[in-house]
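Engineer: Here you go, one structure.
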Amino acid sequence: MAAAHTQGQGLGNSPYSRVGLGDFTGNVGGVRQQGMGGIGLAAPNTSNVNELNPAMLAYTTRTTYEAGFNALFRRLHTVSQSNRTGSASLAYLALAVPLSKNWGAAVGLKPFTSVDFEANTQAAVINDPDKAISFVNEQGKGGLSEAYLSQGYRIGKGFSVGATASYVFGSIDLSTSTAVVKPTDITENITRVVRREQLHYSDFAFRGAAHYRSKITEKLNYNLAGVYSFQTDLSGTRSLTQDREDVTGFKLPFDQMMELVDQKGKAIIPALTQVGISLDNNRNWSANLDVAQQQWSKYRAFSGSATTATLSNTLRVGVGGEYTPDATAVENYFKRVTYRVGLTAAQMPYQPNGQMIYDRSVSWGFAFPLPSATPLDATVIGLAFTYGQRGNKDTYLLNDAQGTRTVNNVKDDYLKLQLGVTLNNRWFIKRQIE
């Protein structure tokens with residue numbers, strides 16, 4: 001990501017959210033999966049909502065409610081500048097219900113993309129005898145959310161299938177202001193041209209999944225899983241205004257004022273393919289490997305939008321696992337705690353100066369059962385931590401309409417904390433009187 005100067009605005013400033021529809025959350029699951037690096041496609045579990053792979057809902061034995069909350073701290077830096085930002089937000093809501101012995105369903109709400117950035121650039125106006133400087137400010141806010149309904153069904157011994165139907169909706173607000181300033185200009189007389197763009201999206205998306213489980217030995221099982229998120233043509237509308245303002249933001253007469261209202265169009269979100277394999281002993285540990293590939297070269301932005309960009313296909317690989325020393329321990333509470341860890345490496349779809357950049361991270365997490373757990377209900381507090389790095393601080397020469405100039409990539413060091421609360425309860429149990 002190239003920028004001459006980047007600074008934080010509000011919370012969570014991310015220069016990478018300037019491109020496309022913003023930073024994609026991706027299909028990486030809830031607090032359990034986050035503690036293992038956002039993996040767990042092939043890791044069955046009866047106490048968490050696994051919306052990462054809807055086929056896993058066939059393993060739902062109790063009504064399960066989950067809520068997750070994120071806190072994110074990041075340091076953005078180039079070779080010469082550095083800035084720290086932070087954010088806090090709702091991560092997801094999910095409710096899973098067993099419909100029969102072999103059938104489970106879930107509904108939920110989670111972020112799909114997020115846009116939050118402010119970038120400032122300045123450059124000398126080419127061949128200007130007055131040595132004027134062009135100042136450009138770019139800002140973006142908003143994002144998309146996903147409300148989904150998932151179902152999973154066991155159709156044979158060890159084999160289950162699942163599907164998710166989602167409604168993706170939200171809006172993105174973008175603005176670009178440009179001011180050309182001469183050394184002799186008085187501050188009060190400086191004006192700027194401001195271009196504001198609003199994009200509203202809403203449409204349906206679909207995902208299919210499968211899972212197979214079998215034994216290697218009496219004490220060792222293997223699991224295979226695949227999830228395919230279909231390409232989505234996301235319908236939307238676009239409004240655009242352009243006007244002239246003074247330094248206080250007061251609008252001035254402008255003979256080139258532009259206005260466009262509710263132009264219809266679409267953005268194309270490419271298909272996502274995920275496969276996973278895991279090993280477990282059906283008791284207290286599992287080890288997992290997930291691979292995901294997304295065809296970002298097929299991404300298309302809303303026609304005419306400022307978010308238009310050419311992206312590249314991506315590959316993401318993650319390994320991780322979890323271990324519970326003794327879930328039935330009475331005297332030692334920490335033996336009942338589940339410990340998780342994971343490593344991931346992912347290509348990013350952006351290629352500044354034709355160079356592939358990466359997102360590398362290490363994750364760890366814990367699941368703390370509350371002492372009040374019974375065979376009918378249980379409450380678990382989950383924590384997941386992820387430390388990662390995106391991009392680099394390389395510099396290179398850029399040739400465009402402003403001439404030849406040196407630009408800097410932006411490196412993003414981040415620490416993400418996710419807090420999850422999981423409530424399990426058995427509904428519709430007939431009480432027996434002894």
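The values are calculated or read from the model by the stated rules, or taken from the named source; none is laboratory data. From a predicted model like this one, the values you see are computed outputs, not experimental measurements. Here Cβ is always computed from backbone atoms with ideal geometry, including for glycine, and neighbour counts include all displayed protein chains. What goes into the accessible areas is simple: the full protein's heavy atoms, side chains included, and nothing from ligands, DNA or RNA. Shrake-Rupley method; radii C 1.70, N 1.55, O 1.52, S 1.80 Å.
Engineer: What's the number of the condition residue 291 fails, among (1) part of a loop (DSSP other than H, G, I, E, B); (2) surrounded by 14 or more Cβ atoms within 10 Å (Cβ to Cβ)?
Structural biologist: (1)
Engineer: Return the only residue of 360, 340, 336 being under 15 Å from residue 48 (Cα atoms) and either open to solvent by 50 Å² or more (accessible area, probe 1.4 Å) or at pLDDT 95 or above (or both).
Structural biologist: Selected residue: 340, the only one of 360, 340, 336 that is under 15 Å from residue 48 (Cα atoms) and either open to solvent by 50 Å² or more (accessible area, probe 1.4 Å) or at pLDDT 95 or above (or both).
Engineer: Sort out which residues of segment 95-105 are assigned to a strand (DSSP E or B) and in contact with a Lys or Arg (Cβ under 8 Å, 6 or more places away or on another chain), and write them in order of number.
Structural biologist: Within segment 95-105, 98, 103 qualify.
Engineer: Out of all the residues in segment 55-77, which are among the polar types (S, T, N, Q), surrounded by 20 or more Cβ atoms within 10 Å (Cβ to Cβ) and either assigned to a loop (DSSP other than H, G, I, E, B) or touching a helix residue (DSSP H, G or I) at 6+ places or on another chain (Cβ under 6 Å) (or both)?
Structural biologist: Selection gives 60 alone.
Engineer: Then there is this: What pairs come up if the first residue lies in segment 118-130 and is under 19 Å from residue 185 (Cα atoms), the second is of a type outside the set (Val, Ile, Thr) and assigned to a strand (DSSP E or B), and their beta carbons are under 6 Å apart, counting only those six or more places apart or on different chains?
Structural biologist: Close Cβ pairs (under 6 Å, with a partner that is of a type outside the set (Val, Ile, Thr) and assigned to a strand (DSSP E or B)) amount to 122/135; 123/134; 125/134; 126/403.
Engineer: Another question, if that's okay. Please determine, by comparing only the residues of segment 395-428 that are of a type in the set (A, V, I, L, M) and over 25 Å from residue 93 (Cα atoms), which one is modelled with the highest pLDDT.
Structural biologist: This residue is 410.
Residues are listed down the side, and each one gets a yes or a no for (1) in contact with a strand residue (DSSP E or B) (Cβ under 9 Å, 6 or more places away or on another chain); (2) within 26 Å of residue 299 (Cβ to Cβ):
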position	(1), (2)
159	yes, no
170	yes, yes
178	yes, no
184	no, no
192	yes, no
196	yes, yes
201	yes, yes
218	no, no
243	yes, no
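Engineer: Can you tell me how many residues within segment 254-269 are outside any strand (DSSP E or B) and either in contact with a helix residue (DSSP H, G or I) (Cβ under 9 Å, 6 or more places away or on another chain) or modelled with pLDDT of 75 or more (or both)?
Structural biologist: Qualifying residue count, segment 254-269: 0.
Engineer: Out of (1) in contact with a helix residue (DSSP H, G or I) (Cβ under 7 Å, 6 or more places away or on another chain); (2) open to solvent by 60 Å² or more (accessible area, probe 1.4 Å), the odd one out for residue 331 is which?
Structural biologist: Answer for residue 331: the failing condition is (1).
Engineer: Only residues that are more than 20 Å from residue 91 (Cα to Cα) and in a strand (DSSP E or B): list them for segment 360-394, please.
Structural biologist: Within segment 360-394, 360, 369, 377, 378, 389, 390 meet the criteria.
Engineer: Across segment 190-229, what is the number of residues that are open to solvent by 40 Å² or more (accessible area, probe 1.4 Å) and within 23 Å of residue 295 (Cα to Cα)?
Structural biologist: Looking only at that region, the number is 5.
Engineer: Can I ask one more? Is it the case that some residue within segment 88-111 is crowded, with 16+ Cβ neighbours inside 10 Å, modelled with pLDDT under 90 and either at positive phi or more than 26 Å from the chain's Cα centre (by Cα) (or both)?
Structural biologist: Checking segment 88-111: not a single residue is crowded, with 16+ Cβ neighbours inside 10 Å, modelled with pLDDT under 90 and either at positive phi or more than 26 Å from the chain's Cα centre (by Cα) (or both).
Engineer: Taking only segment 25-48 into account, find how many residues are closer than 20 Å to residue 149 by Cα, among the hydrophobic types (A, V, I, L, M, F, W, C) and either surrounded by fewer than 24 Cβ atoms within 10 Å (Cβ to Cβ) or in contact with a helix residue (DSSP H, G or I) (Cβ under 8 Å, 6 or more places away or on another chain) (or both).
Structural biologist: 1
Engineer: Can you tell me which residues in segment 353-365 are more than 21 Å from the chain's Cα centre (by Cα) and in contact (Cβ under 8 Å) with a residue 24 or more places away in the chain?
Structural biologist: Across segment 353-365, the qualifying residues are 353, 355.
Engineer: Next question, about the same structure. Somewhere in segment 61-81, is a residue free of Cβ contacts under 8 Å to residues at least 24 places away in the same chain, under 30 Å from residue 394 (Cα atoms) and out of contact with any Pro (no Cβ under 9 Å at 6 or more places or on another chain)?
Structural biologist: No, because not a single residue in segment 61-81 is free of Cβ contacts under 8 Å to residues at least 24 places away in the same chain, under 30 Å from residue 394 (Cα atoms) and out of contact with any Pro (no Cβ under 9 Å at 6 or more places or on another chain).
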